[in-house]
Every structure is written in C-alpha cells, then in structure tokens.
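Have a look at the structure below before the remarks.
The values are calculated or read from the model by the stated rules, or taken from the named source; none is laboratory data. Only a predicted model underlies this, so the values are computations on that prediction, with no experimental measurement involved. Counting neighbours? That spans all protein chains shown, and the Cβs are built from the backbone with ideal geometry, glycine included. Please note that ligands, DNA and RNA were not included when accessible areas were found on the heavy atoms of the full protein model with its side chains. Shrake-Rupley method; radii C 1.70, N 1.55, O 1.52, S 1.80 Å.
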Amino acid sequence: MKHKERCAFLCYHRDLEVATSCLDETQLGQLLLALYRFSLGQTEDEETLSPMLRPVYMFMRNRIAEEAKKYDDTCEKRRQAASSRYGKEPG
C-alpha cells in the first residue's frame with residue numbers, strides 16, 4: 001500500500017474484537033504498531049511477528065489495504081467529477 005498522507009487507518013471494532021480476543025496487551029501493542037507502520041507504507045517483515053500475531057496481522061493488514069483502496073477510488077471519482085464541472089473553459 002502506498003502512503004498518501006493519510007491521518008489515520010480504519011480498524012473496525014468487530015474485526016479488532018474478534019481477531020485480538022486471544023492476545024495479551026503486549027501482543028496487542030506489537031500488532032497495532034505493525035499495522036500503524038503498514039498504514040504509513042513501511043514494510044513489516046512478517047517473520048519478525050510471533051506465529052500467533054502473524055495471521056491476525058495479515059487479516060487486518062488486508063482489511064486496511066482494502067479500505068485504503070476504496071478511499072483512493074472515491075477520491076479519484078470526486079476529483080474527476082470536480083474537474084468535469086469546474087475544469088471547462090468558458091465558451
């Protein structure tokens with residue numbers, strides 16, 4: 001995922017609750033830090049995460065990437081719509 005100066009990443013309550021119910025606070029902190037880094041475009045070496053965190057990270061990472069893609073698509077559609085409205089030269 002390419003970093004585009006976003007000020008946040010989306011994390012659904014239900015996803016977080018279900019995916020992290022078996023993690024302690026230390027593991028949860030490691031997971032959130034890895035997800036934060038991913039949202040900034042930094043690559044996280046999944047092998048450095050514990051085997052318990054790796055599948056949770058991958059699931060949530062994919063969800064963040066999907067939401068970022070939706071956001072980018074919406075921004076592009078709005079940009080095109082604005083351009084078609086205001087980009088015309090007076091004739």
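Couple of notes before you dig in:
- Here is the list for the stretch 1-84: GluC sites (Glu not before Pro) lying in DSSP coil, each with at most 10 other C-beta atoms within 10 angstrom of its C-beta, are Glu5.
- Exposure of Arg61 as accessible area (Å², to 10), given a probe of 1.4 Å and all protein chains: 50 Å²
- Per-residue SASA entry for Val18, accessible area with 1.4 Å probe, Å² rounded to 10: 90 Å²
- Under the simplified labelling scheme, the Val18-Met52 pair shows an inter-label distance of 2.1 nm, with each label point 7 Å from Cα along Cα→Cβ.
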